[in-house]
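A short reminder: the numbers here are calculations on the coordinates, not readings from a lab. This one's a predicted model, so the numbers in the text were calculated from it and none came from an experiment. In this analysis, Cβ positions are derived from the backbone assuming ideal geometry, glycine residues included, and neighbour counts consider all displayed protein chains.
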Amino acid sequence: MENNKTPRFWTKIFKWLCHDSLFEELQGDLEESYINNTNTRGERKAKAIYRKEVLKMVRGSVIQAKLPIPKKLKLSLFRMHFILSLRSIKRNTSFTILNVVGFAAAISVCLFIANTILTAYQLDKSFTNKENIYRISTHIHDRDGSQFTSYSPVYLYGYLNTILPEAKRTTGFKELNRRMSFRGRDIDISSIEASPNFLELLDYKVLEGAIETVIENPSHIALTKDFVDKYSLGPDLIGKDFGGHIISAVLESPKLTSHLGFEWLNYNDQLDYVPPVELKYEYYVDRSRVNYIEIHDNAEIEIIEEKLNRFASNINDTLDTKSYKFQLENLATLGLSKASLYQSDLLTSEGIEVMLIFILIMTVIASINYTNLASAKAMHRLKEIGVRKVIGSKKSHILSQFLIETGLLGLLGLGLGFLIYFWFSKDVGDLIPFGFNPQISAPTILVFIITALLVSLIAGIVPGIFLSKISPLNLFRPKISKKSFSLHTLRKVLLVIQLTVSAFVFVFGSLFWKQYDTYQSEELSMDIRDTYMLDFDWPDSTKHLRALKNEIDKIPEVEASSFMSKLIPIDDVNGLMMIKTESESDSILTSISWADTSFLHTHQPEMKLLNASIIKNNSSSMLVNQSLLDQLNIPLESALGTIIKSGENLHPIAGVFEKSISTNYSPIVSVGKENGDNFSETVILKPNSINNLLIVKVNNQEKSFDKIESEFLNLFPEKQLTFRSIESLARNRYSELRNVLKIFTYVFLCIILITLMGQMGMAIFNANIKAKEIGIRKVLGASVPHLSFNLVKGTLTQVIIALLIAIPIATLLFKNAMGDYRNPIPLTPQLYSSIILIFVLIIVITVVTLIVPRAKANPTESLRNE
């Protein structure tokens, strides 16, 4: 081979690939062929043929494996372990079901939470040049504390281009909650009035029409796609009239793409308007504008913020009790901003933290449950492991067997979890009060697969390591030394941790539900029994509505009827108005409703003061609560007849409510409202006015309904009438809070379910491992209750330890969470006692139902081999 003339490169490749025992012979044949081809066909052709022949040698019979597969990873061994795992899974059906279902429940909950978080992170990522677009948010410091808001003071917008030459473009908008009659009912529309270059910065896609028409004409509007679909406005929208405006464009839905949640867009070129001093009020000044800027690539954020705060300093010099400080927030981060915004379905950074805690809790619970059940199942196979070790199985063989088995269970649980997620994603998505995209991305799937395998790895390693180290002689002994075998102790520790987390979730969830139930059971300060709303498609003209009310009032079974602007006290606040007394310059913001003068007879509210002559002799009078009097510094004894001014309108106070009538305003404390008693509200009474809703109070439901419907059909023969009970509607208040609680309840139930599955598995294991002990005790005369107590006392000890740890933590977090809620519930010993009792009963009953049948069993079954 010293005189080898073959191409050196391909010869080295062949030598590296070829098996040593075959190389000399095969290389000799290749060299002989190469020399012959060189003599007959030339060197160049011979090299090409040689190269092809070397490549043809790359076959299984010739090449040698440079990275030989270790014996412990050979396919035959894996196949044997795989078959044994399948047999074990089939043989231990109860443990398999508990493992798979518990893990699947955890996976599905984590998928819902993770996708909610990912949806929040994806907001505003589709906008062009998002890296250079910023919102100007404001820190407001006043006597009530500090607030961080997405709004800017009204003064700022008109000076942005002057004070910020670094700004490439600026835009702003003000939000409006429009209420309009549509197809016979009142609807609320989230709208914004923006500057003409709004879509140049935030480039929402225009799906239909021409946005230029909207920019040029204030009477033209753009609607979002989800609003069009929500109210079935049809395909040919462009050019149609809607609420006195002309639809000229349809925009993409901002719900899952943007931090904004508007449904209606029109343009306003007077956003720089600052009202005169006499018309200014704090709410308008602080929260009437949202401003954005797009900066040049080389602009420095610190310098821009410094210029903004220099402008804020000039404003602060003119203020006595308030100061502003501006902060720039990048567009891509606004979906998680801590600044308050009117859109309620944004998941803030605090919400992200809460959800991440839920994911951590679910993962810990599932991992502990999985590990415990795997350990318990392994204890049933001690003799099997002993036999395998006697016939030569190594530690690695035992460990790989457990890893394959738990891996299969993990993948089964993962698959079932994904099925549960896809099955319920639509229903749960409708309940989630935040933006939620049910689609799962490939990276998310990969993360969950890796998580499932890691949990399976932990669950397999723990029993595998312990059991693989045990001597075969110890495995065949009737009792294993606790000193040499600590898997039992580890399992107890894991159970206590699992119970502690579950107890924390149960206590916290119970306190939260109690808080919600307190809001639901609040007493109303007016009589809504036998009171109904007439639900029908209202006509375009109100000519016959007055006639309908007059005819209804003539019916003997009808006690009263009234036109109202909202369902007091059920509807959320549908109107806010700045009011003040004639002698005061400062205004306050109050909740406002409108009604005709029959309101007092229809709802019969409890009144501290009432002067019927003021109502009768004025075209517009006002009923107020005590909080409004306190905020306007009006003494109760001189309240009647005091003139309240709203804009240019004057309203004398005709009555004072005994207590608040609107119990359904958000339980979360409003800005500047420390508690529910500080919420000012008013009802403006106008004789013979026609408002959005017609309410009737009856004394005989069956007769009155027939007569009212008859009168209704006489005036509106082509319309349908439905009676809706105000009392029934009142039971369904706080819909947003209820939806949040539904989600929390779903998570809480899954956590409790996983814990119960773990307890069931441990109960089955303990009953099996103590089968002979139970049999001997029964032979010696032990009763079923005594045996059951001996088996369950360990669980009781673990539950007590878990509660002692969980209750203080849950209480502390609940108090922090209720810091922004009005009227928090009193945390009494009786409340805690009931929560503890329920939790203990759930755990104990679950365990006892599995233990009692074993305690009742015939002892001869367990002692026949002794």
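Going from the alpha-carbon gyration tensor of segment 8-56, what semi-axes, largest first and in whole Å, does one get by taking the root of 5 times each eigenvalue?
20, 11, 7
From the phi angles alone, apply the Karplus equation (6.51, -1.76, 1.60; θ = phi - 60°) to segment 212-219 and give each ³J(HN,Hα) in whole Hz, x where the residue is Gly or Pro.
The phi angles translate into 4, 5, 5, 5, 7, 10, x, 7 Hz.
Under the 0.36 nm per residue contour assumption, what length would be gained going from the current alpha-carbon distance of N617 and N177 to full extension?
Net length gain for the segment: 155.1 nm.
For labels at E25 and A547 in the simple 7 Å Cα→Cβ model, what's the distance in nm?
11.3
Which listed residue (S146, A120, L176) has the Cα farthest towards the positive end of the charge dipole for segment 118-182, taking +1 on Lys and Arg C-beta and -1 on Asp and Glu C-beta about the Cα centre?
The Cα lying farthest towards the positive end belongs to L176.
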